[in-house]
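Accompanying notes for the structure given below.
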Amino acid sequence: METINFATFRASDFEQMEKQFRTNLINSLSGFKSVCLVGTQSKEGVTNLAIFSQVFHVGANPALIGMLVRPDSVRRDTLINLQETGFFTLNHIRADFFKEAHQTSARYDRSEFEAVGLTPFYTENIKAPYVAESYIRIGLSFAERHELAINGTVLIIGRVEEVFAPADCVASDGYLDIEKAGTITCSSLDSYHTTRRLARLSYAKPDKPLTEITGV
């Protein structure tokens, strides 16, 4: 077995750490994360685009996706817009525009679409802009808001209303091949990664050997 020299951190160490070191370390702990551009629009029609890496599956029936938003102790345009209009979009990020996506985290006084050079795209059903450059786009309606008492973080739950994905990335069993679509992932706050699938595996049952699912 390989010998590894481990760096060890205890909870008592965290408060003594330099702020940026602690932020980077703790944000790295959960591993690779899904990262999306969240599109919203104000009541006045001003578009907003923001990068989020706290997006996760909540349920399949009904189809729900969760998103964590930092405490609204300061103005959060994404949070305000989706609550006031009732809609938001999730747009997968591809390597072609990951730098533009990252740049949306800057504080602009105008639409991030305009500022970073991405293209808004609309459908009849969702009152929020999609990113035209994205290959996988999800339109959601605002369903629930929950504030976490422990740190004030806001949990938003959205109901999936429509999905757009390349037809050749949707397998016959419903599996969506996000790697084939070019979706990237991220770690910590500023590290972006492409992916390489090891395998799809069969449903795990006691004492039954796993098999690889092929043809996708």
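Any read-out appearing in this document is the output of simple, stated calculations on the displayed coordinates, not a laboratory observation. Please read these numbers as outputs of a predicted model, since none were measured by experiment. Reconstructed Cβ throughout: ideal geometry from the backbone, glycine too, with neighbour counts over all protein chains shown.
Straight-distance candidates among the lysines for linking to residue 43, with alpha-carbon spacing under 19 Å and chain neighbours fewer than 8 residues away dropped: 127. With viscosity 1.002 mPa s and temperature 20 °C, the Kirkwood radius over alpha carbon pairs of segment 105-204 converts through Stokes-Einstein to a diffusion coefficient of 127 µm²/s.
Across segment 148-157, coupling constants 3J(HN,Hα) worked out from phi with the 6.51/-1.76/1.60 Karplus curve, θ = phi - 60°, read 7, 5, 5, 8, x, 4, 9, 9, 10, 10 Hz, and Gly and Pro carry x.
With all distinct Cα pairs included, what does the Kirkwood hydrodynamic radius of segment 148-190 come out to in Å, to one decimal, could you say? Each step should come with its number before you reach the end.
Details: mean 1/r = 0.0721 Å⁻¹.
Evaluated on segment 148-190, it is 13.9 Å.
Annotation: peptides 128-136, 94-102, 17-25, ranked by per-residue average of other Cβ atoms within 10 Å with the highest first, follow the order 128-136, 94-102, 17-25. Shape class of segment 68-130 from the alpha-carbon gyration tensor: oblate, with a/c at 1.5 or above and b/c at least as large as a/b. Applied to segment 83-98, the Karplus parametrisation 6.51 cos²θ - 1.76 cosθ + 1.60 on θ = phi - 60° returns per-residue 3J(HN,Hα) values of 6, 6, 9, x, 9, 7, 10, 10, 10, 5, 9, 10, 4, 4, 9, 5 Hz, with x for Gly and Pro. Straightening the chain between residue 199 and residue 172 buys 8.0 nm, computed as 0.36 nm per residue apart minus the Cα-Cα spacing. Helical runs (DSSP H, four residues minimum) scored at -39500 (n - 2.57) apiece and divided by the length of the chain put the mean residue ellipticity at 222 nm at -4000 deg cm²/dmol.
What separates the Cα centres of segment 1-19 and segment 101-168 is a distance of 35 Å. Shown in residue order for segment 34-47 are the 3J(HN,Hα) couplings computed by the Karplus curve 6.51 cos²θ - 1.76 cosθ + 1.60 at θ = phi - 60°: 5, 9, 9, 9, 9, x, 9, 9, 6, 4, 7, x, 7, 7 Hz (x for Gly and Pro).
Protection proxy ranking of 173-183, 199-209, 146-156, 45-55, by the mean of other Cβ atoms within 10 Å over each peptide's residues and highest first, is 45-55, 173-183, 146-156, 199-209.
Filter 180/205; 33/180; 33/208 down to the pairs with a C-alpha to C-alpha distance above 26 Å, please. Correct reply: 180/205; 33/208.
Treating only the Cβ of Lys, Arg, Asp and Glu as charged (+1, +1, -1, -1), what charge dipole size does segment 57-167 show about its Cα centre? Round to the nearest 20 debye. Could the numbers behind the result be given before it?
Numbers: 11 positive and 14 negative charges, 45 e Å.
That gives a dipole near 220 debye.
Compute the projected area of the convex hull of the Cα atoms of the chain, averaged over all viewing directions, and report it in nm² to one decimal place.
Details: hull surface 65.1 nm².
Approximately 16.3 nm², given one-decimal rounding.
Sorting the segments 187-194, 81-88, 114-121 by their residues' average number of neighbouring beta-carbon atoms within 10 angstrom, most packed first, yields 81-88, 114-121, 187-194.
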